[in-house]
Number of protein chains: 2
Amino acid sequence: MTESGKKPAIVLLSGGLDSATVLACALREGGACHTLAFRYGQRHSLELEAASDLSRAMGAASHRTVDIDLSSLGGSSLTGHGEVPKGRSESEIGGGVPTTYVPARNTVFLSFALAWAEVLDASRIYIGVNAVDYSGYPDCRPEFIEAFERMANLATRIGTEGEGLQVVAPLQRLSKSEIIRLGTTLGVDYSRTRSCYDPASDGRPCLRCDSCQLRLAGFAGAGLVDPLLTRFGLA
Amino acid sequence: MTESGKKPAIVLLSGGLDSATVLACALREGGACHTLAFRYGQRHSLELEAASDLSRAMGAASHRTVDIDLSSLGGSSLTGHGEVPKGRSESEIGGGVPTTYVPARNTVFLSFALAWAEVLDASRIYIGVNAVDYSGYPDCRPEFIEAFERMANLATRIGTEGEGLQVVAPLQRLSKSEIIRLGTTLGVDYSRTRSCYDPASDGRPCLRCDSCQLRLAGFAGAGLVDPLLTRFGLA
């Protein structure tokens, strides 16, 4: 419990644009924010470095990177050696479950957040799922988040003995452009965020993978210039 | 899908008495059974060796041990350096949340099982929670298992596109003695299982920790001799 009277919060922070915006939302609510990232067999560590950097720069209370072993269970091009799809149209990106799907990823991530929430006696877990994602990923839909929250309250002391736990998804009904506008209002420095599935060794985004495409379209829709592109002289 | 027409199953197998009985139940139902154990900062590796040994000896289709990093989030004497409570009475063991509680452990374990179920297109996840446990651990109660199953079906392709996923807890309403009688009927070799929280280096159980006490009382109540005690000349 801090002076604000708010219990702490856990914020899932990937180092991407969405979760940086979520951290800004959580900080605005008050209470200490503890950020959590996962090393789960990603192809590169830029995202994880960005998560740690954002946590510090934005004023979170602590940051942890937890190693998890999803890759040993197989099943996704993001953790395996398959090709990352590139140059797909927005309708292709939105259609069906993409091959970059990591099985039950949000369930696994939220479970670790729940464990940490129990240890810290936190009352909120923040996650950056949103409307753009849940066209393809079942574990980004509002009904999944609600079912996880219900389960989480039955699973833990904080749920069964305390005042309960909320799973907060502040971006859930926002488009990418709306997220970028919200984060810009809250002062998020998007030049510190990473989105590309397949960046060059210096961190330069490929601008062709699904994630880069969505980011480009998002900034265009918001009428803003992506400061990451400015940083790499690509704007 | 095997010749029996049954989809595969995932079985959480800790190397203890309960989960060995659950594996026997799952094998009886037919379909390939894939067993899953976790290295999560336990004090000793005997349980994990027992899990791998049981999986092979009982005829499971495959076995995985996944490393997870709960200890980095703190919060329990089973993964930390606190004292394991010893010499407590059965009513003390049943009263309140014990200090050996690992935060959100079953949620984390079931989440990994869910990830693997998605990869293998499995239709059932088996877990050995039971009546003895759920006096103290919130994540052993039937309402938790039901809430996890509901969430799991919203989280995954197998739940949203297929015929759905069941979380099966065949021991849920059984006492320790009833579990031991059931397993004995199904041919479980309990000398291969491990229960002690604090065994000697040769694997000899301490007979004083909560887990040993429950096992002793269970075999006594079933009117059976624990073959593990026979093996160590303790019967």
Query raised in the report: Just a yes or no: is a residue in segment A:21-39 more than 14 Å from chain B (Cβ to nearest Cβ), surrounded by fewer than 19 Cβ atoms within 10 Å (Cβ to Cβ) and among the hydroxyl-bearing types (S, T, Y)?
Result: no
Query raised in the report: Which members of segment A:28-57 meet the condition of being within 15 Å of the chain's Cα centre (by Cα) and farther than 11 Å from A:G15 by Cβ?
Result: A:C33, A:H34, A:L36, A:R39, A:Y40
Query raised in the report: For the subset of segment A:101-136 comprising residues that are closer than 24 Å to A:A220 by Cα and modelled with pLDDT under 95, which member is farthest from the other protein chains (Cβ to nearest Cβ)?
Result: A:V132
Requested in this report: Tally the residues that are of a type in the set (V, I, T) and within 15 Å of the chain's Cα centre (by Cα), restricting the search to segment A:144-197.
Outcome: 7
Report summary line: If you go through A:S45, A:S52, the only one that is away from chain B (no Cβ under 14 Å), closer than 16 Å to A:R192 by Cα and at pLDDT below 95 is A:S45
Requested in this report: Out of the residues in segment B:105-138 that are assigned to a helix (DSSP H, G or I) and in contact with a Phe, Trp or Tyr (Cβ under 8 Å, 6 or more places away or on another chain), state the one that is surrounded by the most Cβ atoms within 10 Å (Cβ to Cβ).
Outcome: B:L110
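Identify all residues within segment A:158-176 that are charged (D, E, K, R) and surrounded by fewer than 17 Cβ atoms within 10 Å (Cβ to Cβ); write none if there are none.
A:E161, A:E163, A:R173
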Query raised in the report: Does A:S201 fit the bill of being modelled with pLDDT of 95 or more and away from chain B (no Cβ under 14 Å)?
Result: no
Query raised in the report: Quick one: is A:E146 acidic (D, E), surrounded by fewer than 18 Cβ atoms within 10 Å (Cβ to Cβ) and away from every other protein chain (no Cβ under 12 Å)?
Result: no
Query - Sole exception among (1) touching an Asp or Glu at 6+ places or on another chain (Cβ under 9 Å); (2) among the hydroxyl-bearing types (S, T, Y); (3) within 14 Å of another protein chain (Cβ to nearest Cβ) for A:T160, by number - result: (1)
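The values are calculated or read from the model by the stated rules, or taken from the named source; none is laboratory data. Being a predicted model, the structure only gives us computed values, none of them experimental. FYI the Cβ positions are ideal-geometry reconstructions off the backbone, even for glycines, and counts take in every protein chain you see.
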